[in-house]
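Notes for the one structure printed next.
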Amino acid sequence: THTRATHERAVGRRAGRNAAALGKARAPSSAAARDELSRIDRLLARDSGERPAVLRREMERALQDNFGLFKNETGMRAGLDAIVALRERYANVYAQDKGSIFNHDLVRILQLGCMLDVAWMCAHASIPRRESRGGHYRTDFERLDNGRFLKHSMLRRGPGGEMNLSYQDVTIEDIQPQAEVKY
């Protein structure tokens, strides 16, 4: 029979081989794999809590209202607060489907967790960018600031879950950036 553990080992093996082919891979610890399986088992054992569809709709609303094309610091801080609250509520999410094969409810829950993490990181990177560039138009900072923000925003999660924001210089190969873009 094909058990969940057998399938997960096969998927993990393929992922590990692909990561190793990139040259920067290190093997995950078996403790990390056990921790993740334990987290999924605890999630499936819950009989009540938050439904993922409700949290996803609220996340979408927070992002649309506060991180759309036109944004400002006040709105983005409110949006970040909403995302933080949703991440806290995510700790109580539960799956109605308790099955271990083709469990779409579980998949949606895991995807939502990743989306909340990405939303959180995007919010953390957007707020300090006091400029307008491309789809990041700030009504409180309407001009480009190549001197300070012609950089890639790099976010890394620290060991305690905190976000560490740093910047990496952009490599200009052919076309020099404009000093101003008219919208």
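The values are calculated or read from the model by the stated rules, or taken from the named source; none is laboratory data. Everything numeric in this text was worked out from a predicted model, so none of it was measured. Virtual Cβ from ideal backbone geometry, glycine too; neighbours counted across all protein chains shown. These accessible areas exclude ligands, DNA and RNA; they are computed on the full protein's heavy atoms, side chains included. Shrake-Rupley method; radii C 1.70, N 1.55, O 1.52, S 1.80 Å.
Express in Å², to the nearest 10, the accessible area of Tyr94 obtained by rolling a 1.4 Å probe over the protein heavy atoms while all chains stay in place.
30
At a 1.4 Å probe radius, carbon and sulfur cover how many percent of the accessible area of segment 43-183?
Details: 4660 of 8760 Å².
In segment 43-183, the share of accessible area belonging to carbon and sulfur is 53 percent.
Out of the GluC sites (Glu not before Pro) in segment 111-183, which ones are loop residues according to DSSP with at most 16 other C-beta atoms within 10 Å?
Sites meeting the loop and neighbour criteria: Glu142, Glu162, Glu173, Glu180.
For the chain, what are the DSSP H helices with axial Cα length of 27 Å or more and mean Kyte-Doolittle hydropathy of at least -0.5? List each step's numbers first, then the result.
Details: long enough: 104-126 (32 Å, 0.82).
Long hydrophobic helices here: 104-126.
Which value, in Å², gives the accessible area per residue of the chain when a 1.4 Å probe is used on the protein heavy atoms?
On the way: 12380 Å² over 183 residues.
Roughly 68 Å² per residue, with all protein chains present.
Taking the alpha-carbon centroid of each part, what is the distance from segment 68-120 to segment 129-151 in angstrom?
What the calculation gives is 27 Å, centre to centre.
Toward the positive end of the charge dipole of the chain, about the Cα centre and with charges on Cβ (Lys, Arg +1; Asp, Glu -1), which of Ser38, Met121, Gln111 goes farthest?
Ser38
Using 0.36 nm per residue, how much length does the chain from Thr139 to Ala85 gain when fully extended, once their Cα-Cα distance is taken away?
Answer, rounded to one decimal: 16.9 nm.
Quickly work out the Arg57-to-Asn18 label distance, labels modelled 7 Å from Cα along the C-beta direction, and quote it in nm with one decimal.
Rounded to a tenth, the inter-label distance reads 3.3 nm.
What is the sum of charges around Arg87, taking Lys and Arg as +1, Asp and Glu as -1, for the other residues whose C-beta is under 14 Å from the C-beta of Arg87?
Values: positive: Arg56, Arg89, Arg157; negative: Glu50, Glu58, Asp81, Glu88, Asp117, Glu162.
Taking every other residue near Arg87 into account, the sum is -3.
In a Gaussian network model over the chain where Cα atoms closer than 10 Å are linked, find which of Arg17, Arg143, Arg56 has the largest mean-square fluctuation.
Arg17
Select from segment 20-106 those GluC sites (Glu not before Pro) which occupy a DSSP coil region and have at most 16 other Cβ atoms within 10 Å, ordered by residue number. Numbers along the way, then the final one.
On the way: sites: Glu36, Glu50, Glu58, Glu60, Glu73, Glu88; in loops: none.
Sparse-neighbourhood loop GluC sites (Glu not before Pro): none present.
For the chain, what is the Kirkwood estimate of the hydrodynamic radius, computed as the reciprocal of the mean inverse distance between distinct Cα atoms, to one decimal in Å?
Final number for the Kirkwood radius of the chain is 19.5 Å.
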